[in-house]
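A.B. asks: Provided herewith is a single structure, encoded as C-alpha cells, for subsequent inquiry.
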Amino acid sequence: MMRCKVKILWDNEASVWVATSDDLPGLVLESGSCDALIERVKYAVPDLMDTNGIKADYCDLNFIADRLERVPVAS
C-alpha cells in the first residue's frame with residue numbers, strides 16, 4: 001500500500017485547477033473542473049507509480065484543495 005497526498009490549487013491567472021504531489025514525482029495535471037481533475041489524477045497514478053518504480057497493490061490518495069477568492073465588501 002502507498003499513501004499519496006495530492007495538492008489541488010486554483011490558478012487564478014490560467015483559470016484552472018492544478019494537481020501536484022511531493023509523494024509522486026511527475027504528477028502535474030490541470031483541469032477547469034476540480035472533480036474532473038481528481039478523475040485524471042486517479043487514472044495517472046498507476047502509470048506514474050510504474051514510471052517511478054513504486055511497487056504497491058493500491059494507493060490511497062488524500063486530496064487537499066485550496067482556492068483563494070477575493071470578495072468585495074460594501075462599506
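A.B. asks: When both residues are 6+ apart or on different chains and their Cβ atoms are under 7 Å apart, which pairs have a first residue that lies in region 47-75 and is in contact (Cβ under 8 Å) with a residue 24 or more places away in the chain, and a second that is surrounded by fewer than 10 Cβ atoms within 10 Å (Cβ to Cβ) and assigned to a loop (DSSP other than H, G, I, E, B)?
C.D. replies: A56/M1; D57/M1; Y58/M1; D60/M1
A.B. asks: Scan region 51-66 for residues that are part of a loop (DSSP other than H, G, I, E, B) and either of a type in the set (F, W, Y) or under 13 Å from the mean Cα position of the chain (by Cα) (or both) and report the count.
C.D. replies: First, pick out the residues of region 51-66 that are part of a loop (DSSP other than H, G, I, E, B): 52-58.
Keeping just the survivors that are either of a type in the set (F, W, Y) or under 13 Å from the mean Cα position of the chain (by Cα) (or both) gives 58.
The total comes to 1.
A.B. asks: Filter region 32-46 for residues that are exposed (fewer than 11 other Cβ atoms within 10 Å of the Cβ) and either touching a residue at least 60 places away in the same chain (Cβ under 8 Å) or farther than 18 Å from S15 by Cα (or both) and give the result. Break it down into steps so the answer makes sense when it comes.
C.D. replies: First, pick out the residues of region 32-46 that are exposed (fewer than 11 other Cβ atoms within 10 Å of the Cβ): 32, 35, 43.
Scanning region 32-46 gives a single hit, Y43.
A.B. asks: Scan region 10-22 and report the pairs whose first residue is among the hydroxyl-bearing types (S, T, Y) and whose second residue is assigned to a strand (DSSP E or B) and crowded, with 17+ Cβ neighbours inside 10 Å, with Cβ atoms within less than 8 Å and a gap of 6+ or a chain change.
C.D. replies: Hits for this filter: T20/V6; S21/C4; S21/V6.
A.B. asks: Hey, another quick one. Just checking, how many residues over region 1-13 are part of a loop (DSSP other than H, G, I, E, B) and either modelled with pLDDT of 95 or more or closer than 17 Å to I54 by Cβ (or both)?
C.D. replies: To start, the set of residues in region 1-13 that are part of a loop (DSSP other than H, G, I, E, B) comprises 1, 12-13.
Narrowing further to those that are either modelled with pLDDT of 95 or more or closer than 17 Å to I54 by Cβ (or both): 1.
Matching residues across region 1-13 total 1.
A.B. asks: When residues of region 25-50 are filtered for being outside any helix (DSSP H, G or I) and hydrophobic (A, V, I, L, M, F, W, C), how many remain? Even if it seems obvious, please write down each step before you answer.
C.D. replies: Residues of region 25-50 outside any helix (DSSP H, G or I): 25-33.
Adding the requirement that they be hydrophobic (A, V, I, L, M, F, W, C) leaves 27-29.
Going through region 25-50 one residue at a time, the tally reaches 3.
The values are calculated or read from the model by the stated rules, or taken from the named source; none is laboratory data. None of the values given here were measured: they were computed from a predicted structure. Note: ideal-geometry Cβ built from the backbone for every residue, glycine included; neighbour counts use all protein chains shown.
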